[in-house]
């Protein structure tokens with residue numbers, strides 16, 4: 001059985017690699033067409049556009065893993081079925097359960113690669129892509145309101161006018177309150193740089209102290225500001241939650257909870273990060289029932305088209321449930337895992353039905 005397993009794994013890996021090459025080429029082309037609309041904006045030239053497109057590829061790899069694994073497995077199984085190799089495997093004593101187990105063992109490589117891209121490669125590449133684009137187009141990272149970005153940090157409320165791609169803060173206002181939430185001091189700084197371990201260095205600082213009925217103003221060339229904010233937390237402004245690493249999402253969820261802010265969007269993204277790699281296994285199991293159909297029952301092209309439709313349906317259902325969970329305050333774990341559980345249930349039901357025929 002080891003020989004059969006190695007042969008099956010080799011066929012699936014080859015087919016999936018071919019599918020990845022086709023899909024990534026297509027998505028890179030779409031990205032290129034989209035970015036050409038900003039050609040000439042600031043210093044955004046063709047080399048910068050090509051760099052941006054290349055840095056976006058790891059994100060596409062991560063997103064496409066379940067779809068590519070499904071189509072690659074369908075193609076490999078369709079080829080085995082077309083050449084009667086699947087029938088020979090069945091006659092040789094390879095049961096459906098052992099075939100499914102072999103698919104799962106093969107898919108564990110995809111699970112590890114999905115984790116690798118999702119946790120280590122994609123977040124950094126996406127951040128570099130956004131920094132490259134923002135620097136080239138001279139854009140500001142984020143301004144949630146006309147007055148800039150607002151953050152809550154313990155007993156302080158922080159207003160940042162602009163955040164540069166290197167997370168340098170421009171126009172920082174810090175409103176500090178006492179335990180009774182009476183305004184104690186307002187600090188304004190032209191620029192702030194992150195140093196280390198929760199410490200920022202603010203430049204050209206003006207502090208206004210409120211003491212009873214009197215106020216005093218103090219000007220400082222520099223001021224060390226301790227805060228729970230750090231570049232990892234501020235990176236949510238450069239990379240959307242779905243493209244952050246699970247560890248950074250966890251840190252940000254903890255930060256929001258400590259400041260009694262709503263966390264459901266980031267919790268859904270966190271659970272999706274943990275569940276998404278295993279969706280690849282679900283997609284590969286979903287392909288198994290179609291191996292029972294001979295080529296004359298639909299053709300390889302028909303199965304590939306079916307794989308694309310199923311993969312897109314899964315991707316769409318993932319997005320829909322994330323938004324529904326956010327709107328309806330559903331448990332984050334349910335919102336993140338239901339699509340995979342639903343498709344796994346359908347796949348197991350199809351396998352059971354094929355076995356009963």
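The values are calculated or read from the model by the stated rules, or taken from the named source; none is laboratory data. Since we're looking at a predicted model, the values are computed, not measured. Every residue, glycine among them, receives a Cβ derived from its backbone with ideal geometry; neighbour counts consider all protein chains shown.
Working carefully through the options 332, 339, find the one that is crowded, with 21+ Cβ neighbours inside 10 Å and over 25 Å from residue 107 (Cα atoms).
Answer to the selection: 332.
Taking residue 135 as the residue in question, decide whether it is modelled with pLDDT under 85, closer than 22 Å to residue 195 by Cα and in a helix (DSSP H, G or I).
Yes; evaluated as a whole, the condition is true for this residue.
For segment 27-50, does any single residue satisfy the condition of being touching a helix residue (DSSP H, G or I) at 6+ places or on another chain (Cβ under 9 Å), in the same structural domain as residue 101 (by TED's automatic domain parsing) and within 30 Å of residue 102 (Cα to Cα)?
No, because not a single residue in segment 27-50 is touching a helix residue (DSSP H, G or I) at 6+ places or on another chain (Cβ under 9 Å), in the same structural domain as residue 101 (by TED's automatic domain parsing) and within 30 Å of residue 102 (Cα to Cα).
Does at least one position in segment 302-314 carry a residue that is buried (at least 20 other Cβ atoms within 10 Å of the Cβ), modelled with pLDDT of 90 or more and at negative phi?
yes
Can you tell me which residue within segment 81-100, out of those that are surrounded by 14 or more Cβ atoms within 10 Å (Cβ to Cβ) and at pLDDT 85 or above, is farthest from the chain's Cα centre (by Cα)?
Checking each candidate, the answer is 98.
crowded, with 20+ Cβ neighbours inside 10 Å and either touching a helix residue (DSSP H, G or I) at 6+ places or on another chain (Cβ under 7 Å) or more than 21 Å from residue 279 (Cα to Cα) (or both), is that true of residue 74?
Working: crowded, with 20+ Cβ neighbours inside 10 Å: yes; either touching a helix residue (DSSP H, G or I) at 6+ places or on another chain (Cβ under 7 Å) or more than 21 Å from residue 279 (Cα to Cα) (or both): yes.
Spelling it out, residue 74 is indeed crowded, with 20+ Cβ neighbours inside 10 Å and either touching a helix residue (DSSP H, G or I) at 6+ places or on another chain (Cβ under 7 Å) or more than 21 Å from residue 279 (Cα to Cα) (or both).
Considering only segment 209-217, I want to know if a residue exists there that is loosely packed, with under 11 Cβ neighbours inside 10 Å, assigned by TED's automatic domain parsing to the domain that holds residue 161 and in contact with a strand residue (DSSP E or B) (Cβ under 8 Å, 6 or more places away or on another chain).
Yes, the conditions are met somewhere in segment 209-217.
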